[in-house]
Amino acid sequence: MVGVLVMIRSFRDTVEIWIDQTVMADFIVAPAGWPHAVRSGSSSPVLPGAWRARLANAPLVSAVDMYRDLRIDLQGRPVSLVSRDLALHAARSRYLFVAGESAAILARAAAGEGAILSEVVANHLALGKGDRLSIVTPKGEQSVEVLGVFYDYATDGGKIVIDRSLYQQWWPDDGVTVFPVYVESGADMGKARMAILGTLAQASQGNLMPTVLSNAELRQELLRIFDRTFTLTYVLEAIAVIIATLGIINTLVTSVVERRRELATLQALGSSRGQVTALILWEAGYLGLLGTGMGLVGGGALALILIRVINRQSFGWTIQISWPIGLMAEVAALALVASLVAGFWPARWAARQPLVEGLRYE
């Protein structure tokens, strides 16, 4: 429980930091069903690029980005090729780079000097800043310089990011996956949203309306997807607690059976049933305390292995370790309570054993 808890909490805290520092648009205009349609493997509709001008002219809107996500094959591995207005993104948002300053790297990428890679792609291809990357496009194979490597947790396949202008040189595609929309400073978010919806109603001309998510709604949805992904893990932890509780019951019952004469002798010498019950409960508590201490130490070691070794080999992500002291204390308390609950029935059973039967011997 401790090992998985630390791993999940560290992953969640890392994703929260990533969201806070990279998802900065005030609104996201996306096809209906996004991002669930993408996660389920369905191909979501592509929005027309001509909508950018309409959205940019909407009241209270100051800037609109064009984010295109296209799946390509790179050395037998599916990778997301992302294109967007990197000059706009550099001015209003940023990427978290492994090394280097975000604005300077994005300025070079916006000028068409090269591409930036997510950590997963860079690790898989063993590429770093200054190396060359070959991409197969409709215009033939293109070689671009790797300008930087950034942290990303949106896809397990990784991303290659280039400027929108460079993408349209190589792909005859004017589609847009989502429009990140920035509103004027100090603008009323409710009024800005209504203005965007009004513009989209005119642009869609009776077709299925796109989804408009605020920044807060998008963050909440991303974290909700994250939490739902690990729901099964919590169920497995609950099963582990039940199995551990049954193990303690079995251990204590076996101990009581083996020590029937000892317990009967204590009662014959004047020990009450309550004292015998307390004795067994103390043993259960000692078991729980010892198991909790070993679990905290072993769980911490397991968390380091999960985060530093298994995660990096399986997904290639860098996760910052976070030690949830409060939750670990709750787990320790749960273990102690579970051990005492598990010891209650064996303790009562030991105290109710007939004295004569306990003292009889061959």
- Matching residues in region 110-119 - criterion: being surrounded by fewer than 23 Cβ atoms within 10 Å (Cβ to Cβ) and either part of a loop (DSSP other than H, G, I, E, B) or of a type in the set (A, V, I, L, M) (or both): ALA110, ALA111, GLY112, GLU113
- Looking at (1) more than 17 Å from ILE280 (Cβ to Cβ); (2) at pLDDT 85 or above, can you tell me which one ASN311 breaks? (2)
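Yes or no: region 71-84 includes at least one residue that is of a type in the set (Val, Ile, Thr) and part of a loop (DSSP other than H, G, I, E, B).
No, that holds for no residue.
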- Using the structure shown, decide if TRP323 is among the aromatic types (Phe, Trp, Tyr), surrounded by 17 or more Cβ atoms within 10 Å (Cβ to Cβ) and touching a residue at least 24 places away in the same chain (Cβ under 8 Å). no
- Message: Taking the criterion of being in a helix (DSSP H, G or I) and either among the aromatic types (Phe, Trp, Tyr) or in contact (Cβ under 8 Å) with a residue 60 or more places away in the chain (or both), would at least one residue in region 123-138 satisfy it?
- Response: yes
- Note on the structure: Exception for GLY186 within (1) in a strand (DSSP E or B); (2) among the small types (Gly, Ala, Ser); (3) loosely packed, with under 14 Cβ neighbours inside 10 Å falls at (1)
- Of (1) closer than 30 Å to VAL149 by Cα; (2) modelled with pLDDT under 85; (3) part of a helix (DSSP H, G or I), GLY300 satisfies every one except (2)
- Task: Would you mention how many residues in region 256-299 are crowded, with 17+ Cβ neighbours inside 10 Å and free of Cβ contacts under 8 Å to residues at least 60 places away in the same chain?
- Result: 4
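Please count how many residues of region 315-342 are farther than 30 Å from ALA122 by Cα and either of a type in the set (Asp, Glu) or touching an Asp or Glu at 6+ places or on another chain (Cβ under 6 Å) (or both). Steps first, please.
Going through region 315-342, the residues farther than 30 Å from ALA122 by Cα turn out to be 324-342.
So of that shortlist, the ones also either of a type in the set (Asp, Glu) or touching an Asp or Glu at 6+ places or on another chain (Cβ under 6 Å) (or both) come out as 330.
Of the residues in region 315-342, 1 are farther than 30 Å from ALA122 by Cα and either of a type in the set (Asp, Glu) or touching an Asp or Glu at 6+ places or on another chain (Cβ under 6 Å) (or both).
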- Sole miss for PRO172 among (1) modelled with pLDDT under 90; (2) out of contact with any Pro (no Cβ under 8 Å at 6 or more places or on another chain); (3) farther than 23 Å from ALA104 by Cβ is condition (2)
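Within region 68-109, track down each residue that is closer than 25 Å to ASP188 by Cβ and either crowded, with 17+ Cβ neighbours inside 10 Å or of a type in the set (Val, Ile, Thr) (or both).
At the first step, the residues of region 68-109 found to be closer than 25 Å to ASP188 by Cβ are 88-89, 91-93.
Selection gives LEU88, HIS89, SER93.
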- Message: Residue under question is ALA244, and the condition is that it be in a helix (DSSP H, G or I), touching a residue at least 60 places away in the same chain (Cβ under 8 Å), surrounded by 16 or more Cβ atoms within 10 Å (Cβ to Cβ) and under 36 Å from the mean Cα position of the chain (by Cα); does it hold?
- Response: yes
- Mind listing whichever residues of region 143-163 are modelled with pLDDT of 90 or more and surrounded by 22 or more Cβ atoms within 10 Å (Cβ to Cβ)? LEU147, GLY148, VAL149, PHE150, ILE160, VAL161, ILE162, ASP163
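The values are calculated or read from the model by the stated rules, or taken from the named source; none is laboratory data. Note that the structure is a prediction, hence the values are computed from the model and not measured. Cβ: placed from backbone, ideal geometry, glycine included. Neighbour counts: every protein chain shown.
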